[in-house]
Amino acid sequence: MTVSDNRSTARSSGRVLLGFAIAGIVLLTTPIAAQEWTRFRGPNGSGVSDAKTVPVTFTEKEFNWRVALLGVGHSSPVIWGDQVFITSADEAVGKRYLLCLRASDGKRLWTRPYDFATFTHHELNSAASSTPAVDDECVYVPWTTPAATTVHAVSHQGKEIWQRELGPYPAQHGGAISPIIAGNLVIINKMPDGGGAVYGLDRKTGSIRWKYAHASPVAAYSTPLLYRPADGPPQLIATDTSGITSLDPASGSLNWEVKNVFHARCVGSPILAGPEASPLVFATAGDGGGDRQAVAVRPGSKATRMAATIAYQPAKGLPYVPTPIAVGDRLYLWGDGGIVTCLRAADGTPLWSERVDGRFFGSPVCVHGRLYAIDNLGNVAVIATGDTFKLLARNPLGEASHSTPAISGGVMYLRTLSHLISVGGRKS
């Protein structure tokens, strides 16, 4: 699809579009309260928290609480205030669930069930692998099957406000797409096998405000991010096998693209790395056979007609499923096989590469200068950030996990296949 084709699909009245653009810019440039964790990997997908009350070492005795979920899943929790939202699924009975727990004690406040027709997916995937997004009014949950993709907006009290059908989701490995919130829009990168679209949905009604159709030969599971340049409007960055795409988050119009940098699947999400004033977009791709790719791109600008350019393409130590993480001027690549590689973010210079051990399907987060990641057996590996490698701890959770931790209010929330655990925070 050409740029002009996509503009036509995004067409709406100038007055409405201007209103959305202004509202989007205001909200996009206002920091979210520090205690909220509103999407996959928290603030803008960075995975970085400044919490100082999450312990390095802990056992079951140090858990604040551990509660059983309904069924199993790989999604991560999102948090608003004293409410934790998480999904799970019981494939034996064809039920999916959105659960709301009280953050302070883990008590389940409400459950919203969804019937679904069970389907074949990769043995390492689940029917509840999509992490929701949350704002001050609703939690937004995508559910996919080969026949349908639906996005549901549910109030903090458990009442469904709207749902939007976005068409089938044929994918060899099943679904795992996660939305983000940008101003007055819920944005979701629906990219099944053969290509799909990035959608901007009205946060209040679920109506499609814009749609950017895109071709990708294989499904992408990466979650978009927002890039806020100092001298221009916000940009929405999305990745799939066709490349890296920058859109106007208010209208869906194309800013720039970097094509033909990937031939494999984008599972890990793009991140911003390097100097805050002029960051790079870093993205990865791979496949189960061991193919790995990564690229760091200097963002372009539609306003100044500046094209995006490739800064560097590292070739070693690359992850497939885990999303990389940037902390200060360092970039950390946490490999699926337990090898962690540290690069200088500005130019990709390798600094160290060391083995943590284990297999990892969740992504690392950074808390107060320490990286935490859960291996597939449910052990939380903790390492120090910096120019030398140091393994600080391996903390067992007692059950397998394919999920990414969340942090809010000084507390870390750890999801195993069928449980959610709270650890850290100041004790009363």
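Can you tell me the FRET efficiency between Lys107 and Met306 if r is taken as the Cβ-Cβ distance and R0 is 51 Å, rounded to the nearest 0.05? Please report the intermediate quantities before stating the final value.
Numbers: r = 52 Å, r/R0 = 1.02.
About 0.45, to the nearest 0.05.
Full extension of the chain between Lys159 and Asp291 yields a length gain of 43.1 nm, computed as 0.36 nm times the residue separation minus the alpha carbon distance. Spatial offset of segment 255-280 relative to segment 292-350 amounts to 7 Å, using the alpha carbon center of each. Give me the one-decimal nm value for the distance between modelled label points at Asp387 and Arg359, 7 Å along each residue's Cα-to-Cβ direction. Label-label distance for Asp387 and Arg359, simple model: 3.7 nm. Against the set [x] 125; [y] 491; [z] 148, the structure's computed volume of the Cα convex hull per residue in Å³ falls on [x]. Ranked for footprinting exposure by Cβ neighbours inside 10 Å, fewest first, Ile339, Ile187 give Ile339, Ile187. With 0.36 nm allotted per residue and the present C-alpha distance subtracted, the Gln313-Leu351 stretch has 12.1 nm of extension available.
Every helix of 4 or more DSSP H residues in the chain counts as -39500 (n - 2.57), and over all residues that averages to -1500 deg cm²/dmol at 222 nm. When Asp287, Asp115, Asp248 are sorted by how many other C-beta atoms sit within 10 angstrom of their C-beta, beginning with the fewest, the order is Asp115, Asp287, Asp248.
Note the full-extension length gain between Arg344 and Ala148 as 0.36 nm times their separation in residues minus their Cα-Cα distance, in nm to one decimal. Intermediate results must be reported in sequence, preceding the final value.
Numbers: separation 196, 0.36 × 196 = 70.56 nm, distance 4.23 nm.
Gain on extension, Arg344 to Ala148, equals 66.3 nm.
Bear in mind that the values in this text are calculations on the coordinates, not laboratory data. Note that the coordinates shown come from a computational prediction; the quantities given were computed from them, not determined experimentally. Don't worry about glycine lacking a Cβ; one is built from the backbone with ideal geometry, like all the others, and counts go over all protein chains shown.
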